[in-house]
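Each remark here refers to the structure printed beneath this line.
We did not get these values from a lab; they are worked out from the coordinates using the rules stated. Computed from a prediction, not measured in an experiment: that's the story for all the values here. Cβ sites come from the backbone with ideal geometry, for glycine too, and all protein chains shown count toward neighbours.
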Amino acid sequence: MTELARRRLYDRVMRGLAGAAAGVVILPLVLILIFLVYRGSAALNLDFFTHLPKPVGEPGGGMANAIVGTLILLAIASAVGLPLGIFGGLFLAESRGSRLPWLVRFLADVLNGVPSIVIGIFAYTLLVLPMRRFSALAGGIALGVIMIPIVLRTTEELVRLVPASLREAALALGVPEWKVILRIVLPTARAGIVTGAMVAIARVAGETAPLLFTAFGNRFWHQGIDQPIAALPIQIFAYAISPFEDWHRQAWAGALVLIAMVFCVSLVARTATRGLGRPTR
Amino acid sequence: MADGIRVMALSAWFGQNRVLRNVFANMVPGAVTAIIGPSGCGKSTFIRCINRMHEVVPLARVDGRVLLNGEELYGPTVDPVVVRRRIGMVFQKPIPFPTMSIFDNVAAGLRLTGVRDRGRLHETVERALRQAALWDEVKDELAKSGASLSGGQQQRLCIARALAVEPEVLLMDEPCSALDPIATAKIEELIVELKRALTVVVVTHNMQQAARVSEWTGFFLLGELVEFGATRDLFTHPRDKRTEDYVTGRFG
Ligand SMILES: Nc1ncnc2c1ncn2[C@@H]1O[C@H](COP(=O)(O)OP(=O)(O)O)[C@@H](O)[C@H]1O
Ligand SMILES: [Mg+2]
């Protein structure tokens with residue numbers, strides 16, 4: 001076999017393997033989607049989006065409270081996780097020292113690896129026990145903590161990508177450094193940071209474990225952030241392990257809605273990246 | 001007391017690497033001073049020391065004195081931010097702020113230092129764009145992105161942005177090296193025009209350009225200011241053998 005033929009063969013094999021790997025990666029997602037649509041669409045109707053769960057034994061009802069609850073939890077989580085993550089990431093990207101940034105980066109990576117249930121226990125101990133009740137606040141904060149390292153590292157990376165020449169151009173105008181960072185560097189990295197934020201939100205939207213003993217779940221509309229609150233993942237979990245056929249169907253529908261929400265968030269993230277570095281006005 | 005910029009015993013380092021050695025020079029108002037020399041000889045570093053941009057680079061260090069109209073720029077109480085407002089800078093590559101419109105680019109210097117008055121902003125933007133000979137080309141599309149302009153227009157936009165904060169001195173670091181000949185000619189015309197209002201210092205690796213636009217020229221080699229004098233003398237009767245070799249094209 002000539003050298004060229006050997007390389008061609010090698011190229012084909014490698015291409016084949018890479019293509020197969022890509023297929024295998026996509027396959028589970030496609031299967032999950034097909035299965036969810038198949039099982040979930042049966043119970044999906046207007047009531048599902050507008051009604052509270054019915055008491056045990058009564059058919060019908062919906063998960064409107066859980067959908068709203070998940071949105072509220074995500075809002076609280078974003079209020080905690082986005083500012084901390086974004087400003088922490090800015091700090092990491094801009095600081096010239098080496099020890100403190102190293103430590104923060106290390107801790108963020110550790111935090112990223114902490115199982116979400118452990119973060120739930122942490123929120124339980126620090127918030128639920130002293131407040132003496134499960135609450136939306138505790139659940140939102142637990143999710144926010146999970147978001148921090150994701151947002152932090154994407155922000156850092158994207159702020160680092162802003163060319164030094166751009167900062168210098170602004171500094172040379174006699175603009176103080178902190179203003180250069182907030183008004184020139186941050187807006188330039190904005191699209192990427194938005195993507196990081198969306199990825200983080202999508203990631204925590206489906207978290208169940210930390211919510212079990214923080215947000216707890218609720219069969220009614222939300223009653224304030226210091227009260228237990230319903231959330232889709234909790235509701236799905238509760239319904240899926242129940243003995244009722246009707247609830248199983250609703251659990252599938254809930255899962256479908258949750259996936260659709262995550263899908264929408266990811267889609268927004270993708271669209272936002274497309275404008276990366278491009279002018280906005 | 002408008003006696004321009006006076007540089008005394010200036011040295012500069014990147015870490016351990018000394019890139020400027022004991023430079024003395026005087027750049028007078030109402031004239032253009034050209035800085036020439038082979039690449040890597042310290043031309044950019046020299047002008048970046050004048051507006052205190054050198055120290056922005058990590059581990060960079062400066063020693064010596066720079067005076068603007070008699071005032072120390074490296075005094076212990078001097079804020080580098082204030083120095084940079086008084087001494088504008090234009091870079092080799094035009095770098096408009098990518099997220100801003102043409103108007104916002106020019107207004108950026110004022111806005112980011114706290115000016116809100118819309119009337120004043122509009123006045124300033126128009127004046128700066130006229131001064132940079134760009135007004136007629138962009139006056140109907142001020143809301144368009146600065147990045148949508150051609151290279152030469154972008155460079156004039158950057159000049160307008162620098163002029164908008166009304167600096168006393170304008171430093172230009174090879175402002176034409178990324179531009180085509182027609183855009184270059186426009187900028188050169190502009191440089192000659194600008195010297196009436198400010199002290200202008202232009203770094204260039206193009207000796208014809210130095211000869212065309214400047215009254216004074218400094219020749220750098222390996223971090224040393226080898227020769228500084230009237231442009232015509234420096235090109236026709238250089239005092240130093242090294243200057244002669246460089247301007248006659250024997251090296252570099
Ligand atoms: N950011 C930097 N870090 C370290 N060394 C630098 C840096 N910028 C320039 N230098 C060095 O300083 C010397 C002078 O550079 P510079 O002033 O840019 O020269 P010129 O503008 O004449 O081409 C060169 O030897 C260059 O390698
Ligand atoms: Mg240079």
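By how many degrees, 0 to 90 and rounded to 10, does the Cα axis of helix B:102-111 deviate from the longest principal axis of chain B?
In chain B, helix B:102-111 runs at an angle near 70 degrees to the longest axis.
Where does each of B:Leu67, A:Leu137 land when they are ranked from fewest to most other beta-carbon atoms within 10 angstrom?
Lowest count first: B:Leu67, A:Leu137.
Given the pairs A:Lys179/B:Lys43; B:Lys43/B:Lys139; B:Lys93/B:Lys186, which are separated by over 26 angstrom at their Cα positions?
Pairs exceeding the cut-off: A:Lys179/B:Lys43; B:Lys43/B:Lys139.
At q = 0.16, 0.17 Å⁻¹, work out log10 I(q)/I(0) for chain B with the Debye formula, treating every Cα as an identical point scatterer and leaving solvent out; two decimals please.
Normalising to I(0) and taking log10 leaves -1.19, -1.32.
When the chain is fully extended, how far beyond the present Cα-Cα distance does A:Leu31 get from A:Asp11, taking 0.36 nm per residue of separation?
Working it through step by step, the gained length comes to 4.2 nm.
In percent, what relative contact order does chain A have, based on Cα pairs under 8 Å that are 6 or more apart in sequence?
Details: 399 pairs, mean separation 71.5, N = 281.
Relative contact order, chain A: 25 percent.
Quick one: order B:Trp135, A:Trp221 by neighbouring beta-carbon count within 10 Å, fewest to most.
Ascending number of Cβ neighbours within 10 Å: A:Trp221, B:Trp135.
Using +1 at the C-beta of Lys and Arg and -1 at the C-beta of Asp and Glu, which of B:Thr45, B:Gly109, B:Leu190 has the Cα lying farthest in the positive direction of the dipole of the protein assembly as shown?
B:Thr45
Considering chain A as a Gaussian network with a 10 Å cut-off on Cα pairs, which listed residue, A:Leu126, A:Leu17, A:Leu100, attains the greatest mean-square fluctuation?
Per the Cα network of chain A with a 10 Å cutoff, A:Leu17 tops the list.
In peptide A:187-197, how many Cβ atoms from other protein chains are near each Cβ within 10 Å, on average?
The per-residue average across the peptide is 1.
Could you grab the relative contact order for segment B:107-252? Cα pairs under 8 Å, six or more apart, rounded to a whole percent.
RCO, segment B:107-252: 16 percent.
What do you get for Rg/Rh over segment A:224-263 if you use C-alpha atoms and the Kirkwood form of Rh?
Using only Cα positions, Rg/Rh for segment A:224-263 is 1.06.
Please state, to two decimals, what the Cα-based radius of gyration of the protein assembly as shown comes to when divided by 2.2 N^0.38 Å (N = residues).
For the protein assembly as shown, the normalised Cα radius of gyration is 1.32.
Kindly write out, for segment B:3-20 in residue order, the coupling ³J(HN,Hα) from the Karplus curve 6.51 cos²θ - 1.76 cosθ + 1.60 (θ = phi - 60°), rounded to whole Hz, with x marking Gly and Pro.
Running phi through 6.51 cos²θ - 1.76 cosθ + 1.60 with θ = phi - 60° gives 10, x, 9, 10, 10, 10, 6, 7, 10, 9, 10, 10, x, 8, 8, 7, 10, 9 Hz.
Any idea what the dipole of chain A comes to, in debye rounded to 20, about its Cα centre with Lys/Arg Cβ at +1 and Asp/Glu Cβ at -1?
Once rounded to the nearest 20, the dipole reads 900 debye.
For segment A:64-272, max minus min Cα coordinate along each principal axis, in Å, sorted largest first?
68, 38, 28
Using amide H atoms built in the peptide plane, which far-off residues or other-chain residues are under 5 Å from B:Gly64 H to H?
Residues meeting the amide H criterion: B:Ser11.
To test your reading of the geometry: what angle, between 0 and 90 degrees and rounded to tens, separates the Cα axis of helix B:181-194 from the longest principal axis of chain B?
Once rounded, one gets 90 degrees.
Report, by chain and number, residues whose modeled amide H sits under 5 Å from the one on B:Glu227, excluding near sequence neighbours (fewer than 5 apart, same chain).
Answer set, sorted by chain and number: B:Phe219.
Other chains near A:179-185: what is the mean number of their Cβ atoms within 10 Å of each residue's Cβ?
That average works out to 3.
Springs between alpha-carbon pairs under 10 angstrom, Gaussian network model over chain B: which of B:Leu121, B:Leu112, B:Leu20 fluctuates most?
Highest fluctuation among the options: B:Leu112.
Please report, ordered by residue number, every helix of chain A (full DSSP H runs) that is 24 Å or longer along its axis going by C-alpha atoms and whose mean Kyte-Doolittle hydropathy reaches -1.0.
A:3-40, A:64-94, A:136-161, A:245-274
Quick one, can you get me the convex hull of the C-alpha atoms of segment A:133-174 expressed as volume per residue in Å³?
Value for segment A:133-174: 79 Å³ per residue.
For chain A, set up a Gaussian network in which alpha carbons nearer than 10 Å are linked by springs, and say which option among A:Leu143, A:Leu267, A:Leu103 fluctuates the most.
Between A:Leu143, A:Leu267, A:Leu103, it is A:Leu103 that shows the largest mean-square fluctuation.
State the dimensionless ratio Rg/Rh of segment B:53-167 (Rg: radius of gyration of Cα atoms; Rh: Kirkwood radius).
On the Cα set of segment B:53-167, Rg over Rh gives 1.03.
State the Kirkwood hydrodynamic radius of segment B:134-246 in Å, one decimal place, computed from all pairs of distinct Cα atoms.
About 15.6 Å, per the Kirkwood formula over Cα pairs.
Using only alpha carbon pairs under 8 Å that are at least six residues apart, calculate the relative contact order of chain B and give it in whole percent.
RCO, chain B: 28 percent.
Determine the percent antiparallel among the DSSP beta bridges restricted to chain B, to the nearest 5. Intermediate results must be reported in sequence, preceding the final value.
Numbers: 24 of 41 bridges.
In chain B, approximately 60 percent of DSSP beta bridges are antiparallel ones.
Which whole-Hz couplings ³J(HN,Hα) result when phi for each residue of segment B:45-61 is put into the Karplus expression 6.51 cos²θ - 1.76 cosθ + 1.60, θ = phi - 60°, listed in order with x for Gly and Pro?
Karplus-based 3J(HN,Hα) across segment B:45-61 equals 4, 4, 6, 5, 6, 5, 9, 6, 8, 4, 5, 5, 6, x, 6, 7, 9 Hz.
Shielding of B:89-100 by partners, i.e. mean partner chain Cβ atoms within 10 Å per residue?
6
How big, in percent, is the set of alpha carbon pairs in segment A:46-140 lying more than 20 Å apart?
Above the 20 Å cut-off, segment A:46-140 has 59 percent of its Cα pairs.
What's the exposure ranking of A:Cys264, B:Cys158, B:Cys41, going from fewest to most Cβ atoms within 10 Å?
Result, fewest neighbours first: A:Cys264, B:Cys41, B:Cys158.
What angle, in degrees between 0 and 90 and rounded to the nearest 10, separates the Cα long axis of helix B:151-164 from the longest principal axis of the Cα atoms of chain B?
Roughly 90 degrees between the two axes.
Rounded to the nearest 5, what % of the DSSP beta bridges within the protein assembly as shown are antiparallel ones?
Values: 25 of 43 bridges.
Roughly 60 percent of the DSSP beta bridges within the protein assembly as shown come out antiparallel.
Sequence-distant or interchain residues sharing an amide H contact under 5 Å with B:Val90, placed H: which?
Amide H neighbours of B:Val90: B:Leu171, B:Met172, B:Asp173.
So what is the calculated 222 nm ellipticity per residue for the protein assembly as shown, using -39500 (n - 2.57) for each DSSP H run with n of 4 or more, over all residues, to the nearest 500 deg cm²/dmol?
-17000 deg cm²/dmol
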